[in-house]
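Read-outs throughout are calculated quantities, based only on the coordinates presented, and are distinct from any laboratory measurement. Keep in mind the model is a prediction, meaning the values are calculated, not measured. Glycine also receives a Cβ, built like all others from the backbone with ideal geometry; neighbour counts cover every protein chain displayed.
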Amino acid sequence: MSDAPKIAQKAPFPVEVEAGKNYFWCSCGQSSNQPFCDGSHKGSEFAPVKFEATEDKKVFFCGCKHNGEGALCDGSHKSLG
């Protein structure tokens, strides 16, 4: 695996999250369970990012894996080629 994450998709993943539940976002882009970690990062510099839902709502997890910090989309996919 290279230093750059694999782009899973150039759009966010909309997910209905449940209050009090933890979600582990895939930061490497290799997971077959996008946008969540399936352990594909093992042996690389990547690690899953924990997202704690504080309320029941729809959130948008980053799909391009190039966001700034955290698991949620920050619009970084718009600047990818």
Among 25-35, 63-73, how do they line up by average Cβ neighbours within 10 Å per residue, starting with the highest? 25-35, 63-73
In debye, nearest 20: dipole of the chain around its Cα centre with unit charges on the Cβ of K, R (+) and D, E (-)? 260 debye
Rg to Rh quotient for the chain, alpha carbon positions, Kirkwood Rh: 0.96
Could you pull out every one of the lysines with an alpha carbon less than 22 Å from that of Lys78, ignoring same-chain neighbours closer than 8 positions? Lys6, Lys10, Lys58, Lys65
Work from the charge dipole of the chain (Cβ charges, +1 for Lys and Arg, -1 for Asp and Glu, about the Cα centre) and give the residue of Phe61, Gly20, Phe51 farthest towards its positive end. Phe61
